[in-house]
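> Just dropping this structure here.
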Ligand SMILES: Cc1ncc(COP(=O)(O)O)c(C=O)c1O
């Protein structure tokens with residue numbers, strides 16, 4: 001008798017978790033010399049010294065022990081002050097829970113609300129980690145394909161309402177500004193989604209990690225603008241993007257304070273907390289990071305304009321101008337499989353892009369470019385893409 005493969009012995013959901021389609025291309029092109037890499041969702045700036053120094057001071061001061069499961073009190077207080085200032089009304093620290101990046105905030109939120117067979121409505125194309133986390137928790141992803149037109153991506157609220165009425169519907173994921181599409185809901189749209197959620201007793205998982213990356217102003221519309229206190233909304237956020245801290249794995253979940261003990265337990269039984277010395281970096285970022293954030297936004301905007309100008313030279317390329325975030329998500333007329341396209345762009349153009357196939361149904365014809373890079377790299381990528389498109 002042959003013994004079973006160890007692979008057959010692991011749980012079905014963990015076996016079924018898909019490989020990231022972005023990582024597949026990164027692995028494909030990793031060794032290619034001179035490649036301009038616009039495939040991953042992060043900028044190229046290192047964390048500013050004033051943030052790193054605060055963490056180093058925490059480490060030097062001996063902050064190396066187990067710590068508060070909900071986050072150290074001064075960081076929770078700083079998060080409350082940050083929201084109070086940004087949203088113009090008071091927020092209390094007991095709403096904020098420090099997590100290991102935005103991803104851990106998603107995992108805690110999903111574990112808290114999703115049981116076996118519960119449906120979570122996910123407008124797509126979507127960042128693949130959230131659907132994967134839902135399925136790992138035993139939930140079912142109900143994809144709601146968004147409609148693409150060069151004027152913009154739109155969410156069909158009638159279809160959303162129909163899906164929300166399903167007996168097992170439990171939650172709606174709303175990622176605005178969205179990765180990868182750049183779709184950015186206005187207040188009216190958020191209010192309409194909230195009223196659907198209220199009517200059918202659903203949770204909203206509000207992923208607002210790109211909420212500060214908007215071209216024209218301070219911040220994108222948020223569920224905070226339309227919700228009452230105590231609503232079934234869980235906000236996911238992170239230090240990663242705003243303050244160039246992707247490698248720190250520092251984020252936060254905002255939730256009604258009544259959930260505090262549940263969240264504390266879920267943190268305890270997953271990561272047992274976030275290193276306290278790192279959290280001091282978070283405080284510095286929140287309290288003194290405005291001008292760095294403004295610089296990053298400006299830089300990404302410039303990068304986006306350069307890439308847009310290059311792509312627009314080809315009448316085969318179309319894209320919806322993003323309302324927020326730092327990505328472009330174009331499509332090329334006549335190219336349907338961007339997994340193949342991404343490999344061709346590595347080999348033939350020297351540019352690394354994220355294939356739209358990795359963002360689920362509706363994304364197949366598109367590819368994602370990260371604009372938050374230095375101008376030299378962006379200009380090289382823009383010239384190479386324009387040149388490749390001319391030869392197509
Ligand atoms: C839409 C979205 N939500 C959440 C995250 C998670 O952020 P973090 O890197 O802090 O885990 C990302 C990261 O790319 C993202 O794009």
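> In cubic angstrom, how much convex hull volume per residue do the alpha carbon atoms of the range 61-289 span?
Spread over its residues, the Cα hull of the range 61-289 gives 120 Å³ apiece.
> Counting only DSSP beta bridges with both residues in the chain, what percent are antiparallel, rounded to the nearest 5?
Of all bridge pairs located within the chain, approximately 45 percent are antiparallel.
> Out of every Cα-Cα pair in the range 260-355, what percent are more than 18 Å apart?
When all Cα pairs of the range 260-355 are counted, 67 percent exceed 18 Å.
> Taking the Cβ of each residue in 328, 160 as the centre, tally the other Cβ atoms inside 10 Å and list the residues starting with the fewest.
So the residues, fewest neighbours to most, are 160, 328.
> Determine which residues of the range 103-138 fall in the zone a paramagnetic label at residue 272 would reach in this model, i.e. backbone nitrogen under 17 Å from the point 7 Å along Cα→Cβ.
Once the point is set 7 Å along Cα→Cβ of residue 272, nothing inside the range 103-138 turns out to lie under 17 Å by backbone N.
> Debye sum, Cα scatterers, the chain, no solvent: what log₁₀ I/I(0) at q = 0.12 1/Å?
-0.97
> Put a dot 7 Å past each Cα toward the Cβ at residue 261 and residue 115; how far apart are the dots in nm?
According to this spin-label approximation, the distance is 1.9 nm.
> Once you put a point 7 Å from the Cα of residue 294 and another 7 Å from the Cα of residue 348, both along the Cβ direction, what distance in nm separates them?
So the label points at residue 294 and residue 348 sit 4.4 nm apart.
> For a test of the definition: using alpha carbon positions, the gyration tensor, and the 1.5 limit on a/c, classify the range 1-58 as rounded, prolate or oblate.
Taking the square roots of the gyration eigenvalues as a ≥ b ≥ c, the range 1-58 is oblate.
> What whole number of Å gives the distance from the Cα centroid of the range 136-207 to the Cα centroid of the range 1-38?
Between the Cα centres of the range 1-38 and the range 136-207 lies a distance of 29 Å.
> If I build a Gaussian network model for the chain, linking alpha-carbon pairs within less than 10 angstrom, which residue out of 108, 100, 317 has the largest mean-square fluctuation?
Judging by the Gaussian network model, the answer is 317.
> Moving on to the next point. Run the quick spin-label model on residue 156 and residue 31: label points 7 Å from Cα toward the beta carbon, then report their separation in nm to one decimal.
Going from the residue 156 label point to the residue 31 one covers 4.6 nm.
> Using the per-residue mean of other Cβ atoms lying within 10 Å as a proxy for protection, in what order, highest first, do the peptides 175-182, 113-120 fall?
175-182, 113-120
Only the coordinates and a few stated rules stand behind these numbers; no lab work does. In this text, all values refer to a predicted model and were calculated from it rather than measured experimentally. Cβ: placed from backbone, ideal geometry, glycine included. Neighbour counts: every protein chain shown.
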